[in-house]
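Let me begin by presenting the structure, written as structure tokens, before commenting on it.
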Amino acid sequence: MIRIRALLLGLLLAPSAHADVTTLVAVRDATLFNDPTGALANGSGPVMIVGRAGSTSTAPLRRALVRFDLAGALPAGSIVNSVQLVLHNTSGNTGPRTVELHRVLADWGEGASSTTSGQGAASQPGDATWIHTYFPGSLWSAAGGDFAAATSAALAIDQLGVHTFPSTAGAVADAQGWLDTPGANFGWLLKLDVETVAQTTKVFGTRESASSAEWPSLVVDYTPPVSGYCVSDTSSAGCAVTIASAGTPSASAGSGFIVSLAHAPAGRATSLVYGLSGPTAIPFSGAILCVAPPLTRCAVRFVDASDPACGGGASLDFNARIASGLDPRLAAGTTVHMQWHVRDAATLLGTLVSSDALRVVIQP
């Protein structure tokens, strides 16, 4: 048993917070055709286009718009680690062209106009056009769309098939902002880095494409506001002592984030311990310490007898701890690591057993 524990600790010496990866499909996309009257659009067609068509530098220019609903897919308070836009190129005959992503600064619509033609279709109510955010009444402040000057990400695209934009600090910042402030999520505008060259159009599948393989998607690696890590100790009853939570950690709620203990020896003293220095995994009084020192211990309580097989549990409202003001470090945006410690004199390796751990980001 000692040898097994030593091996386990060796595997956990460099633990990390749990990260999730999810793939989102665009919830809105469109093409802007540089018609000065806004008469052309393609809000619901199966393709979107960027670049300049025709054989001269004054030939029609196209830009595209795409938006993803991060707030509807990720838990509030998550930290975005990386984002990668994935597009399917259906036109490979214009040579390599660099496509840029720019954060859009105004809301825009996706009307019923639909075509596979590079010439566009007649604009329909609600369409985004070269001059309209919502045809026919609402306008961009500048023709061609309102977007940040800074390039969030860029990729040279040539061959047919799938192309994945790199995750950049700019793209991550955009995605984090959209998650934290959904009302400011207007997506990205796609344009070529050089828009004066003729015959440079790139055609990408949209969310309306008949083939799901052509849908624009966003691969998001994120860390949720509450995530588990480390491993549980086993009590004298042979049960893994576990930690869980319910609710949202909040600096203003005053209550409602319950951190619970389960499968612990009934009647034993227990305490939730937490720290702000990150995770760890080191031997500690016969248990595994998953919270890097210095540690803060909450008030001692006693495990109930609610679990006939393993013993019982305990709980603590951590939002009440935050609201108490006992620890002024517990403010919005602070990352806290926590686990339960339980006294269990019958264990072979010592008097302490520990739960697995949680990483928590306190929300406003």
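Throughout, read-outs are computed from the coordinates displayed, never taken from laboratory work. This is a predicted model, so every value here is computed, not measured. Virtual Cβ from ideal backbone geometry, glycine too; neighbours counted across all protein chains shown.
Worth a mention:
- Here the 3J(HN,Hα) profile of segment 228-237, calculated from phi with Karplus coefficients 6.51, -1.76 and 1.60 at θ = phi - 60°, is x, 7, 6, 10, 8, 7, 9, 7, 5, 7 Hz, Gly and Pro shown as x.
- Backbone HN-Hα couplings from phi across segment 168-181 [Karplus 6.51/-1.76/1.60, Hz, Gly and Pro as x]: 10, 4, x, 5, 5, 4, 4, 5, 5, x, 5, 5, 6, 10
- Whole-angstrom gap from segment 312-332 to segment 193-241, using each part's C-alpha centre: 32 Å
- The chain, helix-only ellipticity at 222 nm - DSSP H runs n ≥ 4, -39,500 (n - 2.57), divided by all residues, nearest 500: -2500 deg cm²/dmol
- Within-13-Å neighbourhood charge of Ser255 [Cβ basis; K, R +1; D, E -1]: 0
- With the simple spin-label model, which puts each label point 7 Å out from Cα in the Cβ direction, the Ser277 to Val300 separation comes to 2.4 nm.
- Computed on segment 20-223, with alpha-carbon pairs under 8 angstrom and 6+ residues apart, the relative contact order is 39 percent.
- Remark on Val27: its backbone amide H falls under 5 Å from those of Arg67, Phe68, Asp69, a criterion applied only to residues 5 or more positions apart or on other chains, H modelled at 1.01 Å from N.
- With neighbours defined as other Cβ atoms within 10 Å of a residue's Cβ, the residues Cys290, Cys230 order from fewest to most as Cys230, Cys290.
- Among Asp344, Asp327, Asp233, the residue with the largest mean-square fluctuation in a Gaussian network model of the chain, with springs joining Cα atoms closer than 10 Å, is Asp327.
- The chain: angle of helix 2-11 to the longest principal axis, Cα-based, in degrees nearest 10: 30 degrees
- Between Asp317 and Ala292, the FRET efficiency estimated from the beta carbon spacing at R0 = 30 angstrom works out to 0.80.
- Fully extended contour minus Cα-Cα distance, from Ser212 to Ala246, at 0.36 nm per residue: 8.6 nm
- Local electrostatic count at Leu326 - Lys and Arg +1, Asp and Glu -1, tallied over other residues with Cβ under 14 Å: +1
- Cβ-Cβ distance of Ala112 and Ala142, R₀ of 25 Å, FRET efficiency by 1/(1 + (r/R0)^6): the value works out to about 0.50.
- Förster radius 22 Å - calculated FRET efficiency between Thr181 and Ala149, Cβ distance, rounded to 0.05: 0.65
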